[in-house]
Amino acid sequence: MFKPSFTTKSKSWLYFISLASLIALSFSSYFLANTSQSNTEFPVSSIGVYTIIQYCLMAFFMLVAWSLSPKSRYLKNYKLLLITAFLMRIVLIDVEPYTSNDTSRYLFDGRIAYEGYDPYSISHDAIELTQLREQWQPPKEHAAYVTIYPPLALALFTFSSSFGVEKAQLVWWFLLLLAGLLTVYVSALVLKKANKLNNLALVALSPLLILETGVGLHIDAFSALAVVVAIYFWQRQLLLYCGIAIGIGMSLKILPVMLLLPLFFLQKSLKPALMLVLSWVTTVALIYGTTIALGYVPVGSISVFFEKWRNASPIFTALDSLLTNSQVVLALFVMGVIAVLFIAYTSFRYSKARYMSTSAIYFCMQAALALPLMLSPVLFPWYLLPLVPLLALRPNIYLLTWLLLMPMTYEVLGNFLCCQQWQPALWPVVLLGVLYALTLLRLIYHGIKKTSKLNHIDNS
């Protein structure tokens, strides 16, 4: 009788220690922010290493908390975990961004719109913006390019910048805090509906979701919220609202639109599938139509961004070393088409099966969102935020490893912050490439196995 009591007590203490450690590691962001601004005795060139260490430690304690968290179907039993998730986010209120300078770009784009200019047509180095540049100090490496962000993202930037240069970042932080907390809350509802509430720690305590929202201050936090809200409506067969959520998410950042691929083919009849697409089309048309009516041309410089920047893309790096530019584009297009057909076929097959596997459905969603990220020549850790809630719905070693490996690409921060040199190392790309290869082999095996199983079910 003594041994089980001791084991339970030990697990409780270890769970508490892991949560306390996560809060302490959130506070370490103040040290990293000061280091990035040369306000400590540690060299700025080491910031990349420190950032990776922080992510690794937070990931370790998240996994410990996940394994020891309550195995309950009731949200009230996760109070300590949720309090920790809230504290980890709220303590980052005064931390200056050190993982990227995108916030400065966001707010300056918003201020350009606030002053009556079109950020889609005027670049940061325009003469008309000289006085604004001196006041807002946007990143110099983006000076020659117009904005790349969709209309709703620009609207959020404009709202934040309307509070002035002194308060704009704080307002933006509060908006992201709200998005982060809502993501945790809606994820909890989604996980409860899926009977997977025991995986809540993977969202609530995710270092990627917490730090890229509270420190990186990236718009992708809203993208993650849009994805989980869309899944919430899909679970309840509210496809009209699901399509609206995807349309809103696409108008914040393009990635959520990929959810349409599996969700369309997962419908058992054409009517709900068309309702999903029609609500999405209507939402996007209203948002972009309003933007155009206001005098903006929402095209931006996204193509220029992908032409100029390279980061953490094993597939693109491998192809680029072997093929010409046109051949690389063709190869990526063919790979994309094959992958899209695979996801569509798999989704359709499961929709017609007598017993629809929810695990397979979530796999199709994961694959759809991961596809453009894997084929992109540019991949930053925060791009993966929308995948975090999907990981909790279907935990697997491959997606979890991808989310844990991506912060390794922050090794580039040291040279970038100290010397303005963007020279990513090859070793994170190699690690990601190995993971991609292992994932592909697993998918081939899994596909063959599942196809045989479905054929057997259908024949019987």
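The values are calculated or read from the model by the stated rules, or taken from the named source; none is laboratory data. All figures in this text were calculated on a predicted structure; none of them were measured in a lab. Don't worry about glycine lacking a Cβ; one is built from the backbone with ideal geometry, like all the others, and counts go over all protein chains shown. In case anyone asks, the SASA skips ligands and DNA or RNA and just uses the protein heavy atoms, side chains included. Shrake-Rupley method; radii C 1.70, N 1.55, O 1.52, S 1.80 Å.
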Looking at LEU32, LEU68, which one is open to solvent by less than 20 Å² (accessible area, probe 1.4 Å) and aliphatic (A, V, I, L, M)?
LEU32
Answer yes or no: is there a residue in region 120-130 that is polar (S, T, N, Q) and surrounded by 21 or more Cβ atoms within 10 Å (Cβ to Cβ).
no
Kindly indicate whether TYR30 is within 23 Å of ALA168 (Cα to Cα), touching a Gly at 6+ places or on another chain (Cβ under 9 Å), in contact (Cβ under 8 Å) with a residue 12 or more places away in the chain and of a type in the set (Phe, Trp, Tyr).
no
The correct count of residues that are more than 19 Å from the chain's Cα centre (by Cα), open to solvent by less than 50 Å² (accessible area, probe 1.4 Å) and within 18 Å of ASN199 (Cα to Cα) in region 83-104 is 1
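Select, from LEU189, LEU132, the only residue that is at pLDDT 95 or above and of a type in the set (A, V, I, L, M). First the steps, then the outcome.
Working: LEU132 fails: at pLDDT 95 or above.
Unique residue meeting the criteria: LEU189.
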Which condition number in (1) within 22 Å of ILE93 (Cα to Cα); (2) out of contact with any Pro (no Cβ under 6 Å at 6 or more places or on another chain) is the one that MET58 fails?
(2)
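Kindly provide the set of residues from region 352-366 that are open to solvent by less than 20 Å² (accessible area, probe 1.4 Å) and among the β-branched types (Val, Ile, Thr), ordered by number. Steps first, answer last, please.
Initial filter on region 352-366 (open to solvent by less than 20 Å² (accessible area, probe 1.4 Å)): 353, 360-362, 364-366.
Residue satisfying the conditions is ILE361 alone.
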Pick from region 276-300, criterion assigned to a helix (DSSP H, G or I) and of a type in the set (Gly, Ala, Ser), ranking: surrounded by the fewest Cβ atoms within 10 Å (Cβ to Cβ):
ALA293
Go over the candidates LEU191, LEU181, LEU107, LEU154 one by one and state the one that is part of a helix (DSSP H, G or I), surrounded by fewer than 21 Cβ atoms within 10 Å (Cβ to Cβ) and in contact (Cβ under 8 Å) with a residue 24 or more places away in the chain.
LEU181
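Would you be able to say whether some residue in region 343-350 is outside any loop (DSSP other than H, G, I, E, B), open to solvent by 70 Å² or more (accessible area, probe 1.4 Å) and either in contact with a Phe, Trp or Tyr (Cβ under 6 Å, 6 or more places away or on another chain) or modelled with pLDDT of 90 or more (or both)? Step through it out loud before you land on a result.
Step one: of region 343-350, the residues outside any loop (DSSP other than H, G, I, E, B) are 343-350.
So of that shortlist, the ones also open to solvent by 70 Å² or more (accessible area, probe 1.4 Å) come out as 345, 348.
When the remaining residues are screened for being either in contact with a Phe, Trp or Tyr (Cβ under 6 Å, 6 or more places away or on another chain) or modelled with pLDDT of 90 or more (or both), the result is 348.
Looking for residues that are outside any loop (DSSP other than H, G, I, E, B), open to solvent by 70 Å² or more (accessible area, probe 1.4 Å) and either in contact with a Phe, Trp or Tyr (Cβ under 6 Å, 6 or more places away or on another chain) or modelled with pLDDT of 90 or more (or both), one finds at least one in region 343-350, hence yes.
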Checked LEU252, LEU261 against criteria (aliphatic (A, V, I, L, M), in a loop (DSSP other than H, G, I, E, B) and closer than 23 Å to TYR288 by Cα); the one match is LEU252
Report, by residue number, each residue of region 41-58 that is of a type in the set (A, V, I, L, M), at pLDDT 90 or above and surrounded by fewer than 21 Cβ atoms within 10 Å (Cβ to Cβ).
VAL49, ILE52, ILE53, LEU57
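Which helices (runs of 4 or more DSSP H) does region 364-460 wholly contain that include 1 or more residues that are at pLDDT 90 or above? Reasoning before the result, please.
On the way: elements: 387-393, 397-405, 413-419, 427-459.
Per the criteria, 387-393, 397-405, 427-459.
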Among the residues of region 265-287, write down those that are at pLDDT 95 or above and of a type outside the set (A, V, I, L, M, F, W, C).
SER279, THR282, THR283
Looking only at region 367-415, filter to residues that are of a type in the set (A, V, I, L, M) and in contact with a Pro (Cβ under 6 Å, 6 or more places away or on another chain); which one of those is most open to solvent (accessible area, probe 1.4 Å)?
MET408
